[in-house]
Amino acid sequence: MKRYAYFISDGTGITAETLGNSLLSQFDQIQFERVTLPYIDSEEKAKRAADEMNQLASESGHPVILFDTIVNKNIRKIIDSADVFKIDIFSAFLAPLESELAVKSSYTVGKSHAPADSDNYVARIEAVNFALDNDDGARTRHYADADVILVGVSRCGKTPTSLYMAMQFGIKAANYPLTEEDMDDLKLPESLSQHRSKLFGLTIDPDRLAAIRNERRANSRYSSLKQCYHEVDEVEFLFEREKIPFVSTTDKSIEEISTRILAETGLKRRLQS
């Protein structure tokens, strides 16, 4: 079964997408065709969006499922006129909050993504720059400034996790690939051992690792199943021996991995909501 799901906002659409996708993910037996329409900030744009959804409803025989964070009342009225099953995110949550707080919401477009909090902006940029500068063991001399140092075999997800933690949490995350030489000695390099309290390990299923490596360097020793099993076994043994907390990235999203790291290390988000 296929249904159309629209995420519409007069801002970036990130809020509508995030909550909407979280809800839709609970219905894995249904195939959703997702469409995001950000910056629907004029009546003309709203009319085009409504016409588009009406046409899809007519062709499919089902109303479009709509998640929206429209603030402007005139634009909302046009969107409401379409043949949709609507989940108005702001109205669903703001009305009860207004009642509890005895204060009317400002209903301001883009409030949750406003750049006004310059401290957040600066912290995010600094963290992203740090992650890029300290990617793949590039500059170990800066590890004293790191909040966390991710370690693991090559291609286990260290770089995307570091960047996600920087973007979403303002965390300064470095990452270091444990090489075959490190595993021959089966000990932490000096650049890591002096920052042991900051280390967090990532591991991965060897079969999955081999598939990922084959996309980059097919039919090589680096991507062979035998090599992947050897590296993963050695690194996990090292993590356990050195009492380095670690998590498998095999079946987890970047969001899950990053949140798990924060929970297990006690690191605090540097970005304020």
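The values are calculated or read from the model by the stated rules, or taken from the named source; none is laboratory data. This one's a predicted model, so the numbers in the text were calculated from it and none came from an experiment. When we count neighbours, we look across all protein chains shown, and the Cβ atoms used for this are built from the backbone with ideal geometry, even at glycine. These accessible areas exclude ligands, DNA and RNA; they are computed on the full protein's heavy atoms, side chains included. Shrake-Rupley method; radii C 1.70, N 1.55, O 1.52, S 1.80 Å.
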Centre separation in Å (Cα based) which lies between the stretch 33-57 and the stretch 147-202 = 44 Å
Contour minus Cα-Cα distance for Asp145 and Leu94 (0.36 nm per residue) = 14.3 nm
Within straight-line cross-link reach of Lys252, lysines at Cα separation under 30 Å, skipping those fewer than 8 residues along the same chain = Lys2, Lys158, Lys172, Lys187, Lys198, Lys226, Lys243, Lys268
Pairs of Cα atoms under 8 Å, at least six residues apart: use those to get the relative contact order of the chain, whole percent.
-> 14 percent
Report the calculated FRET efficiency for Ala211 and Lys47 (r = Cβ-Cβ distance, R0 = 45 Å), to the nearest 0.05.
-> 0.45
Per-residue ellipticity at 222 nm for the chain, helices alone: DSSP H runs ≥ 4 residues times -39500 (n - 2.57), over residue total, nearest 500 deg cm²/dmol?
-> -14500 deg cm²/dmol
For the charge dipole of the chain, defined by +1 on Lys and Arg C-beta atoms and -1 on Asp and Glu C-beta atoms about the Cα centroid, which residue among Leu24, Ile8, Ser248 has the Cα displaced farthest towards the positive pole?
-> Ile8
Of the heavy-atom accessible surface of the chain (probe 1.4 angstrom), what whole percent is carbon and sulfur?
-> 50 percent
Calculate, for the chain, the solvent-accessible area per residue in square angstrom, rolling a 1.4 angstrom probe over the heavy atoms of the protein chains.
-> 56 Å²
Ordered by number, the trypsin sites (Lys or Arg not before Pro) in the stretch 110-209 that occupy a DSSP loop and have at most 14 other Cβ atoms within 10 Å are Arg139, Lys187
From the square roots a ≥ b ≥ c of the eigenvalues of the alpha-carbon gyration tensor of the chain, which class results: rounded (a/c under 1.5), prolate (a/b over b/c), or oblate?
-> prolate
Checked the stretch 67-186 with the C-alpha gyration tensor, a ≥ b ≥ c its square-rooted eigenvalues, rounded below a/c of 1.5, otherwise prolate if a/b is larger than b/c and oblate if not; verdict prolate
Identify the residues of the stretch 37-69 with backbone N under 15 Å of a label point that sits 7 angstrom from the Cα of Asp83 along the Cα-to-Cβ direction, or state none.
-> 50-66
Extension gain (nm, one decimal) between Ser253 and Ser191, 0.36 nm per residue minus Cα-Cα | 19.5 nm
So which aspartates and glutamates pass the test for Lys45, namely a Cα distance under 20 Å, with those fewer than 8 places away in the same chain ruled out?
-> Asp10, Glu17, Asp68, Asp80, Asp83, Asp88
Points 7 angstrom from Cα along the Cβ direction at Asn54 and Ser105: gap in nanometres?
-> 2.7 nm
Round to the nearest 10 and give me the degree value, 0 to 90, for the angle of helix 43-60's Cα axis relative to the longest principal axis of the chain.
-> 80 degrees
